Each structure stands twice: as C-alpha cells, then as structure tokens.
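Q: Please find one structure pasted underneath; my questions will follow.
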Amino acid sequence: MLIVGLTGGIATGKSTASQAFRARGVPVIDADVIAHQIMEPGEVSYNLILQQFGEDVLQKDTKAIDRGKLGSIVFNDSDKRQTLNRCTHPYVRRRILYQLLGCYLRGYPMCVLDVPLLYESGMDRMCGKVVVVSCTGERQIVRLMDRNGFSREEAEARVKSQMPIEEKERRAARVLDNNKGLTELERQVDDLVEKWTPSLFRTWGALLAPVGIVVSLPFARLSTLGFGTLCTCAAWIAGSLFIN
C-alpha cells in the first residue's frame, strides 16, 4: 500500500485537497480529526493537558478543552508548545498506525495521511511519497483573515510561524497548485490518483507477502541445506518487489 503524505501551509487548501481524495475513493487519515478525538474528556491526552495547563483551558459549559484558548497559550511559547506536543503526539501517532493497518488489511492500494506539520513532526518518514498543497502567501493571509477573523498582522504571524512553504515544496514528490480554483485543484488530484495508484497485482502481492513468509517458516526444519531459509528469503524478496 502506498502511503501518501498530504501537507501544506496554513490556509493553502489542504482540507479541500483531502476532500478531493476522499471523493475519488482514496481513504484519508486526518491527523487533525484524531487530535480532536484524543482531547475529548476521558482520554489520556485530555488528562495530561489538564495536569500541565490546568482547568483554565476548559470550556466552562461543556468541560471540553478550548482549543482556541490552548492554541493562544502555546503559540508564542516554545516550551509550552513542546509540553503540549508531549501530551498529544504519541497518542496521535498510535491511532494513525492503527488506521494505517486497517487500510492495509482492507486491501486499499493507496492511503492519504493528512498531517499539517508532516515534516516538522518527522512523519514524512512514514510515507512513500509526499504531496504539498501550495498557494501564494497573499492568498494564505486573505484566507486566514476571512476564515478565522484574524487581523492582517495576526495572519502574517501565523504564516511566518510555520516552515516556509518553499522548503516543503522542495522536499515534496508533487506540489498541488491551489491558486487557480477548485476545478483546477481537482484536476491535479485526478492526475495524481491515476498515476500513483498501485496496480491490484502490487497491492495484493504486498498484502500476501507476509503470509508467504509465515507459511515458509516450517520448511526451515526440513533440510539441513537451508531449504527453509531459502523459501523464507524468497518470500521476503518477492513481497518487497510489490511494495512501493
């Protein structure tokens, strides 16, 4: 299964691209959705955040974590931001791995891993290829002002706080240009899905390769000449040929 990392700058249109992948039958694992889930009352991350930041970060009526308030606390404080990351990142990664395994076992040829800070968190190492959704800096600022109600200065500060989009583009296998509207973005997604989706032969080969390895192990006892080891290595090599 090909794991495609999807990232971009703030307000570049990553969520729109993510929806386009879903509409084409490609499963999308959304790290933001998982981050919301692990902050729900009763979750380990919820309790850790309360221990570190106190009940001031809770909404008064629901006792849910006020993500806007928490974000304002950590935005200009790198130490508190690292503390928050320690409370959340391990649990986000664990759920991502579970969902990736589920996609693999269901035989999907390709899966999109939607992570805003893909490079910053090092999760690009989990991906076979990375796609960056990009637009001009001015478009980012205007979208942030319209979407979040930020002043221009606040929007510019949010954009500057992230890894430069040019660096993300340089490291990506593919850049989706989101300066020309939804129709053009969807056309680019169509092209990517068509060219990158592994064949069923590769997909099922990768899925069955571990089975071949397990089945060949008993043969290791049948011959002192290493017939079993040969079978095991052959199954491993054959499986690796199918994996992107």
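The values are calculated or read from the model by the stated rules, or taken from the named source; none is laboratory data. Bear in mind that the values here come from a model prediction, so they are computed numbers and not experimental data. Cβ placement follows ideal geometry from the backbone for every residue including glycine, while neighbour counts extend to all protein chains displayed. These area figures cover heavy atoms from the full protein model, side chains too; ligands, DNA and RNA do not enter into them. Shrake-Rupley method; radii C 1.70, N 1.55, O 1.52, S 1.80 Å.
Q: Filter segment 91-102 down to residues that are open to solvent by 80 Å² or more (accessible area, probe 1.4 Å) and not charged (D, E, K, R) and give me whichever is nearest to the chain's Cα centre (by Cα).
A: LEU97
Q: Name every residue in segment 183-203 that is aliphatic (A, V, I, L, M) and at pLDDT 95 or above, in order of residue number.
A: LEU185, VAL189, LEU192, VAL193
Q: What about GLY107, is it small (Gly, Ala, Ser), touching a strand residue (DSSP E or B) at 6+ places or on another chain (Cβ under 6 Å), on the phi > 0 side of the Ramachandran plot and touching a residue at least 40 places away in the same chain (Cβ under 8 Å)?
A: The answer is no for GLY107.
Q: Whether any residue in segment 103-113 is of a type in the set (Phe, Trp, Tyr) and either within 11 Å of ILE10 (Cα to Cα) or open to solvent by 70 Å² or more (accessible area, probe 1.4 Å) (or both) is what I want to check.
A: yes
Q: Give GLN37, GLN59 a once-over and let me know the one that is touching a residue at least 40 places away in the same chain (Cβ under 8 Å) and farther than 19 Å from GLU184 by Cα.
A: Testing whether each residue is touching a residue at least 40 places away in the same chain (Cβ under 8 Å) and farther than 19 Å from GLU184 by Cα leaves just GLN37.
Q: Next question. Using beta carbons and a limit of 6 Å, which pairs, at least six apart or on different chains, have the first residue in segment 137-153 and open to solvent by 50 Å² or more (accessible area, probe 1.4 Å) and the second one assigned to a helix (DSSP H, G or I)?
A: Qualifying pairs under 6 Å: MET145/ALA155.
Q: Can you tell me how many residues within segment 1-28 are under 28 Å from PHE150 (Cα atoms) and either touching a Leu at 6+ places or on another chain (Cβ under 8 Å) or in a strand (DSSP E or B) (or both)?
A: Of the residues in segment 1-28, 11 are under 28 Å from PHE150 (Cα atoms) and either touching a Leu at 6+ places or on another chain (Cβ under 8 Å) or in a strand (DSSP E or B) (or both).
The rows are residues; the columns are (1) closer than 26 Å to GLU194 by Cα; (2) assigned to a helix (DSSP H, G or I); (3) not basic (Lys, Arg).
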site: GLY107; (1), (2), (3): yes, no, yes
site: VAL112; (1), (2), (3): yes, no, yes
site: PRO116; (1), (2), (3): yes, no, yes
site: ASP124; (1), (2), (3): yes, yes, yes
site: VAL133; (1), (2), (3): yes, no, yes
site: GLU154; (1), (2), (3): no, yes, yes
site: ALA157; (1), (2), (3): no, yes, yes
site: MET163; (1), (2), (3): no, no, yes
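Q: Being open to solvent by 50 Å² or more (accessible area, probe 1.4 Å) and more than 25 Å from ILE73 (Cα to Cα) is the filter here, so list the residues in segment 16-61 that pass it.
A: Once the filter is applied, which keeps residues that are open to solvent by 50 Å² or more (accessible area, probe 1.4 Å) and more than 25 Å from ILE73 (Cα to Cα), segment 16-61 yields THR16, GLN19, ARG22, ALA23, ARG24, GLY25.
Q: Looking at PHE75 and the list (1) within 30 Å of LEU185 (Cα to Cα); (2) aromatic (Phe, Trp, Tyr); (3) open to solvent by 40 Å² or more (accessible area, probe 1.4 Å), which single condition is not satisfied?
A: (1)
Q: I need the full set of residues from segment 165-198 which are open to solvent by 60 Å² or more (accessible area, probe 1.4 Å), part of a loop (DSSP other than H, G, I, E, B) and over 22 Å from LEU117 (Cα atoms), in order please.
A: Correct list: LYS180 only.
Q: What single numbered condition from (1) in a helix (DSSP H, G or I); (2) surrounded by fewer than 14 Cβ atoms within 10 Å (Cβ to Cβ); (3) hydroxyl-bearing (Ser, Thr, Tyr) fails to hold for THR88?
A: Of everything listed in (1) in a helix (DSSP H, G or I); (2) surrounded by fewer than 14 Cβ atoms within 10 Å (Cβ to Cβ); (3) hydroxyl-bearing (Ser, Thr, Tyr), THR88 misses just condition (2).
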